[in-house]
Every structure is written in C-alpha cells, then in structure tokens.
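The values are calculated or read from the model by the stated rules, or taken from the named source; none is laboratory data. Since we're looking at a predicted model, the values are computed, not measured. Cβ atoms come from the backbone with ideal geometry, glycine included; neighbour counts cover every protein chain shown.
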C-alpha cells in the first residue's frame, strides 16, 4: 500500500522528510480542487491528524460527497489543552528579525504555488454541493476570526467531523469529545499508543541513581508565558538541586526546543542529553522521571519501577497542566524546585503511593500497553471492513 501525505503547498515548506520511508508527499498546488485530487489518487481511506484548516475541511467535505471513508487519528495525550489557546496565557513567541525576513522571502518565492493553493480551495467550494459549499464558506469565515478550539465550539455541523475516530484510549477520546464538541455517537476505535510499542514490557534492571527530565519547548512556543531567560534559570536551579542529592541527570529534549542551555550543562558534566534510542536503553534503569506535560510521560507513569514528578509552576501562574497524571495518582506535582528537595529525600514513600494506581492509569489512558498498538492501527488502515 502506498501512503500519500498532504499538508503543504510546496516541497519547500517541508522541514522533515521522514515520511519518505512510508510513501510520498503531494501538494495543494498540483491539483485544481479536492474532487479532482481524490479522483486521481483514488484513496481507499483518508486519515486526518487535524481537521482545523480551510484545506482540511475542504478535503473532508469532498470525501463525504465522493463516499470515501474518513478517519481522524489521535496524535498525543490530551488534557486541558484549552490553556494553550488562551492568548493571555500563551502569547505567540516573538520571531527574530532574520527568521521573519527568511519566511517573507519564502512566501514571495512561493507566490505562484500559494496562488495555486488558494485556487484549489476556491474551486473546491465551487465544485461542492450547495449545502457543502455553504458550510465551507461558514467554516472559513469562523476560522479566520477564531482559533481552532473556538471554531469547533461555534460550528457543530456534522460536516466538520470525520466519519471514524482512531483514539489512543477512552480517557483521551473523552477529552477530545469535550473540547472539540464531538457527538457521543461517533464511531471510535481504541488502539493504545503506537509510539510506545517498543517500550512495552519494560522491566526494571539495575536501577541507577538517576533522574530523567522530559523537556518541552515552552519558551520556543510561548507556552504559559515562558521565555528563554526563565528556562535557563530553571535549568540552572534544577541541576543544582539534583547535584545536591548526587543524582545523575538525563535530559530528553523535545525536537522543537532550543537545547543550548542543556548543551552548556552537558559540556560541564552536569547532565547527559539523550535521544529516543538511548531513552529505550535507559528506560529499565531510571527510577525518577520529571516533566512539565508530555505524551512521553505516559509509559513512565505506567512502569512499576518509576516515580513520576511534574512541574506545575509557570510564569503565567500555577496551572495543573498534568492533571490526568496527578488525578490518576501516578504523578506528584511540585510548584517550585525547593519541593524537589523534599521528594528526593524520600522517593520510596512517594513511589509506594503511586504504585497501586499504575494499572488503572494504563488501562484508562493507554488502553493496552502491550506492544501491539501499531498492529491495531495497521489493521484498521488495511481492513476493507472498518
């Protein structure tokens, strides 16, 4: 089966080529409208990670008219992500002048492709039935003035939804339903979290005196009013606390974050930056995991040998963003790094509090942590009956 990936107007907009292992990209500019595109490539299914842009909505509507099955595939842990849509709490980060200039030059250089992409959208509206065309015009008007979350709540038309939903777990889908105003009767398939299939069955081996920090691009994305200087200060204080208790520090950065503060610390021998492969190797040996909020915290909340701590104090205020972990009893929130001193003085007591809750968390939030989530996803995508 050949997978085709569609998100950009041109290849020049792409920042990652990993998809080439699985298929090829197509671009909005290369087709006159969504109907022509779908009739040419003849997909058996169309899978969306989001349906929140003009173009995604247009393709979704065209699929319905052409009776092509549509699926929305979950992509991460969902909690109270409405916080991320609050412009007061999460203002867009400032873009450096050179980066802005580069982006503007790219827009000018790709002007023809951008015009072609816009024609794709306009032609799709023209080719749609009157009812679907009116919905698309309404979607565009609403989305132009609102973020995607507000748009979802304002537009509850069934034309906005996919036919089928592929979710990681019942709890994650419930959050999806609540925030995106999904009707309760949508068909949903639960698969677990494919990203973590390689971590399934992890058992403790020789436990290190070590802490794993799973980081996030907080300053880079302007989340909860984090800025670069504040993050540097956090890094310095965190390292001092851990050093005081003689812990080795491993840091798993997010692909989109600036890792210079961690690189500086690594050069001084204060921490070790690791990638996904190293994370898998170290997973059986790490007793303590600290994070802000991340899908990657999920397997460590599930492992019997780990104790999970979440940092909930942000420049915007004390927001319990890691609420799913904390309410499930598999994470302990701290609101300043002085509290980490107390945690590290008696980790075992905290671990014993979390241990009885791990199985239920795994079932409710990860569905099945059995290494077969990818297999379940594959079966859905390849089946003629689902």
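For every residue, the table says whether it meets (1) touching a residue at least 12 places away in the same chain (Cβ under 8 Å); (2) assigned to a loop (DSSP other than H, G, I, E, B); (3) surrounded by fewer than 18 Cβ atoms within 10 Å (Cβ to Cβ); (4) in contact with a helix residue (DSSP H, G or I) (Cβ under 7 Å, 6 or more places away or on another chain).
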residue	(1), (2), (3), (4)
138	yes, no, yes, no
142	yes, no, yes, yes
153	yes, no, yes, no
172	yes, no, no, yes
182	yes, yes, no, yes
206	yes, yes, yes, yes
218	yes, yes, no, yes
229	no, no, yes, no
233	no, no, yes, no
(request) Collect the residues in region 331-369 that are under 14 Å from residue 169 (Cβ atoms) and surrounded by 16 or more Cβ atoms within 10 Å (Cβ to Cβ), keeping them in residue-number order. (result) 361, 362, 365, 366, 367, 368, 369
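Please find, among 324, 333, 299, the residue that is touching a helix residue (DSSP H, G or I) at 6+ places or on another chain (Cβ under 7 Å), in contact (Cβ under 8 Å) with a residue 12 or more places away in the chain, part of a helix (DSSP H, G or I) and closer than 24 Å to residue 222 by Cβ.
Details: 333 fails: part of a helix (DSSP H, G or I); 299 fails: closer than 24 Å to residue 222 by Cβ.
One residue alone meets the criteria, 324.
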(request) Could you tell me which residue of region 277-295 is surrounded by the most Cβ atoms within 10 Å (Cβ to Cβ), considering only residues that are out of contact with any helix residue (DSSP H, G or I) (no Cβ under 8 Å at 6 or more places or on another chain) and at pLDDT below 95? (result) 293
(message) Considering only region 337-344, I want to know if a residue exists there that is under 28 Å from residue 193 (Cβ atoms), outside the structural domain of residue 74 (by TED's automatic domain parsing), in a loop (DSSP other than H, G, I, E, B) and modelled with pLDDT under 95.
(response) no
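Condition first: buried (at least 17 other Cβ atoms within 10 Å of the Cβ) and more than 14 Å from residue 61 (Cα to Cα). Now tell me which residues in region 116-136 satisfy that.
Across region 116-136, the qualifying residues are 116, 117.
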(message) Looking only at region 304-321, filter to residues that are closer than 19 Å to residue 369 by Cβ and in a strand (DSSP E or B); which one of those is nearest to the chain's Cα centre (by Cα)?
(response) 308
(request) Spot the failing condition for residue 312; the list is (1) at pLDDT 95 or above; (2) within 18 Å of residue 219 (Cα to Cα), and only one is missed. (result) (1)
